[in-house]
Amino acid sequence: MLKIMLWGAVLLLSACAQQPGKPLQIQALEQPPALAAEFETIVETDGADQQRYQWRFWRTSKRVETHNLQDNSGEIWTKSADGKITYERVFHQQQQVIEYTPGDLNAIGAVPDWSAIATLLNQSMIAGLVEDSREQVLGRPASHYQSNNAGIALEVTWLDREQLPALIKRNDHGHTIATRVVGIYPLAESPWPYQRSTNYRYTDFADIGDKESDPFIQSIQHKIKGGHSHSD
């Protein structure tokens, strides 16, 4: 009888070990936790120097803003009550903003995905991810997920309560990009203000074609959605 019980226990443990981990599921984002976070992105390519970028992220249920500390630029996504999304490309040093209406975004084929904007993960990224462990990140419970498709390895450490990744690491044939959270706060306790000065100059994306002689417009054509540069 003892042998039968032990064998049954072994079979049960074996079955549990063979069960696939839970897939990553992003919860409904109608009311995500309002928060501020700082991330570091490291880019590594075989035989090339490592590149590091620091950037900040602010989120409410209707607004997401990022700020790249290296070039002092940012992006702002705003969702209206009817679900339409507007976009702003912000250049803090020049105190200039390029504004895109929902129609502008649609015209250039940049249809926004609010879930991806608010969580930094799109559906194609999370497909195939399965949980393999639990951990703590900055004192917060998190789940670690992995996938490997066609030689592309992806790791995501997901902060369950915050509905935000603590780590996104992608390795594609020797090219690795890793983004890791280094600080996270409730929005009301953010150490970084996210409201910019009101004296910035605004330009509608639709008007850029009429301002191509503007030195600022010329300098940022290659950095904006739908932008283009002229060759001599």
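What the phi angles of segment 103-116 give under the Karplus curve with 6.51, -1.76 and 1.60, with θ = phi - 60°, is a coupling list of x, 4, 4, 5, 5, 9, x, 10, 6, x, 10, 4, 4, 5 Hz, glycine and proline written as x. Beyond 19 Å, what share of the Cα-Cα pairs of segment 24-149 remains, rounded to the nearest whole percent? Everything past 19 Å amounts to 63 percent. Counting other Cβ atoms within 10 Å, keep those with at most 10, restrict to DSSP loop, and tell me which GluC sites (Glu not before Pro) in segment 27-116 are left. Qualifying residues, ordered by number: 30. Summed over the residues of segment 20-83 and divided among them, the accessible surface reaches 54 Å² per residue at a probe radius of 1.4 Å.
The equivalent ellipsoid of segment 98-232 has semi-axes of 35, 21, 14 Å, largest first, where each one is the square root of 5 times an eigenvalue of the Cα gyration tensor.
With r defined as the distance between the Cβ atoms of residue 44 and residue 108 and R0 fixed at 45 Å, what FRET efficiency is calculated, to the nearest 0.05? About 0.90, to the nearest 0.05. Given the chain, what whole percent of its Cα pairs are spread farther than 21 Å? Percent of Cα pairs beyond 21 Å in the chain: 66.
Where does helix 2-18 land angle-wise versus the long Cα axis of the chain, in degrees 0 to 90, nearest 10? Roughly 10 degrees, rounded to the nearest 10. Close Lys pairs in the chain, defined as Cα atoms under 23 Å apart and 8 or more places apart or on different chains, number 9. Which residues does a label at residue 69 reach in segment 31-61, if reach means a backbone N under 19 Å from a point 7 Å past the Cα toward the Cβ? The answer is 35-44, 50-59.
The values are calculated or read from the model by the stated rules, or taken from the named source; none is laboratory data. Keep in mind that what you see is a predicted model, and the values were worked out from it rather than measured. Glycine also receives a Cβ, built like all others from the backbone with ideal geometry; neighbour counts cover every protein chain displayed. With ligands, DNA and RNA removed, areas are computed over all heavy atoms of the protein, side chains included. Shrake-Rupley method; radii C 1.70, N 1.55, O 1.52, S 1.80 Å.
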